[in-house]
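A.B. asks: Sharing a structure, written as structure tokens. Questions coming.
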Amino acid sequence: MLVHILANWLVSALALWLVAQIIPGIELSGFGAALFATIIIAIVNGTIGWVLRLLTLPLTILTLGLFLLVVNAFLLKLASLFTPGFKIRGFLDAVLGSVVLTFLAYLLRRIVFYGGTRWTTL
């Protein structure tokens, strides 16, 4: 159980580090900052995230879920404000970063935890 949590944490940090390499508006000072940033992102998502998603539920339903892109971008930008060495320049960078981060984290988890097999059950 603990090994799974640590592996998940490392995969998330790697995904965040890759996002910082791909998107010019997102900066990380190093992999240590990515490790710390993933902890802050988890805390922000676990505390403020669920409240914000609940409050914006009518708008999310009205936009068929697309408003969650804005909510996730806001939470990512908020987490960057609390993390030294992690900076997001603009809101558009946060939106793009949250989309790429979600995709990369999913892809890396599939590779690490399933060894690249079972791709037919995506």
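A.B. asks: Within the set of pairs 6 or more residues apart or between chains, which connect a residue that is closer than 15 Å to Ala42 by Cβ inside segment 1-21 to a residue that is surrounded by 17 or more Cβ atoms within 10 Å (Cβ to Cβ) and of a type in the set (S, T, N, Q) with Cβ atoms less than 8 Å apart?
C.D. replies: Taking only residues 6 or more apart or on different chains, the pairs are Trp9/Thr38; Ser12/Thr38; Ala13/Thr38; Leu16/Thr38.
A.B. asks: Another question about this same structure. What pairs can you find where one residue is in segment 44-57 and in contact (Cβ under 8 Å) with a residue 24 or more places away in the chain, the other is small (Gly, Ala, Ser), and their Cβ atoms are less than 6 Å apart, with a gap of 6+ or different chains?
C.D. replies: Val44/Ala79
A.B. asks: Does Val100 fit the bill of being surrounded by 13 or more Cβ atoms within 10 Å (Cβ to Cβ) and either farther than 19 Å from Ile23 by Cα or free of Cβ contacts under 8 Å to residues at least 60 places away in the same chain (or both)?
C.D. replies: On the way: surrounded by 13 or more Cβ atoms within 10 Å (Cβ to Cβ): yes; either farther than 19 Å from Ile23 by Cα or free of Cβ contacts under 8 Å to residues at least 60 places away in the same chain (or both): no.
The answer is no for Val100.
A.B. asks: Where residues in segment 70-86 are without any contact (Cβ under 8 Å) to a residue 40 or more places away in the chain and in contact with a helix residue (DSSP H, G or I) (Cβ under 6 Å, 6 or more places away or on another chain), which of them is surrounded by the fewest Cβ atoms within 10 Å (Cβ to Cβ)?
C.D. replies: Val71
A.B. asks: Among the numbered criteria (1) under 16 Å from the mean Cα position of the chain (by Cα); (2) on the phi > 0 side of the Ramachandran plot, which one does Gly65 miss?
C.D. replies: (1)
A.B. asks: Got at least one residue in segment 39-55 being more than 14 Å from the chain's Cα centre (by Cα), surrounded by 14 or more Cβ atoms within 10 Å (Cβ to Cβ) and of a type in the set (Ser, Thr, Tyr)?
C.D. replies: No, that holds for no residue.
A.B. asks: If you go through segment 25-40 one residue at a time, how many are in contact with a strand residue (DSSP E or B) (Cβ under 9 Å, 6 or more places away or on another chain) and of a type outside the set (Gly, Ala, Ser)?
C.D. replies: Here the count works out to 5.
A.B. asks: Here's another thing I want to ask about it. If Ala34 meets every condition in (1) surrounded by 17 or more Cβ atoms within 10 Å (Cβ to Cβ); (2) out of contact with any helix residue (DSSP H, G or I) (no Cβ under 9 Å at 6 or more places or on another chain) apart from one, which number is that one?
C.D. replies: Exception for Ala34: condition (2).
A.B. asks: What number of residues within segment 1-31 satisfy the criterion of being surrounded by 15 or more Cβ atoms within 10 Å (Cβ to Cβ) and among the aromatic types (Phe, Trp, Tyr)?
C.D. replies: 1
FYI, it's all coordinate maths here, none of it is from the lab. This is a predicted model, so every value here is computed, not measured. Glycine gets a Cβ as well: all are built from the backbone with ideal geometry, and neighbour counts include every protein chain shown.
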